[in-house]
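Please treat every number below as a calculation from the coordinates, not as lab data. Every value quoted in this text rests on a predicted model; they were computed, and no experiment measured them. Ideal geometry is used to build each Cβ from the backbone, glycine not excepted, and the neighbour counts take in all protein chains shown.
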Amino acid sequence: MVLAQGGLNPWLQNVFFLSGLIGARFAVASWGGPGVFDLLWSLLGAMAGAFLATVFISRRVVLMTDRGVVVLEYGRLGGVKPTRVLARLPLGTGMGPLSGLWARTELAGERLWVHRRWHRDVAAPRAPHVGRR
């Protein structure tokens, strides 16, 4: 099992976060209000930027089984609970060599980003299936 992210480049999520943070800081500074609320508005702006980034992200689960590869979609917020099957691919389908913090790959016609945490699972050799039920 590998978790992946489609859509927006993961590094751009930081841009959304920082844009919200800086935008809120400028807005508060232009209001000329007391400095007590500067931190609060900055945090709210950063959270709004991070939330906006999730709109452009598609989250995927890639299951590599003894019969093939299945790509599942799961919700934008909350835990990993698959909502639908996006693609069923043949057994030999690979995700390619992955490197870096966020490795870019293509699977089922979609560009996906895989975090380093999952690289080992992609590269792990699968044991042959001994018996079928």
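Just the C-alpha atoms of the stretch 1-104: what Rg/Rh do they give, with Rh taken as the Kirkwood radius?
With Rh from the inverse mean 1/r over Cα pairs, Rg/Rh is 1.18.
Once amide H atoms are placed 1.01 Å from N in the peptide plane, what residues at a sequence separation of 5 or more from Leu112, or on another chain, have their amide H within under 5 Å of its amide H?
Excluding prolines and chain starts, which carry no amide H, the hits are Thr105, Glu106, Leu107.
Residue by residue, what Karplus-based ³J(HN,Hα) values in Hz, rounded to whole numbers, does the stretch 46-59 have, using 6.51, -1.76 and 1.60 with θ = phi - 60° and x for Gly and Pro?
Using θ = phi - 60°, the values come out as 5, 5, 5, x, 5, 5, 4, 5, 5, 5, 8, 10, 10, 9 Hz.
Anyone know which of Ser42, Ser19, Ser30 comes out most mobile in the 10 Å Cα GNM of the chain?
Per the Cα network of the chain with a 10 Å cutoff, Ser30 tops the list.
Along the charge dipole of the chain, Cβ charges K/R +1 and D/E -1, which of Val61, Pro90, Val114 sits furthest on the positive end?
In the chain, that residue is Pro90.
So what's the Cα pair-distance distribution over the stretch 10-55, bin width 5 Å, in %?
Histogram of Cα-Cα distances, whole percents per bin: 6, 27, 28, 18, 12, 6, 3, 0.
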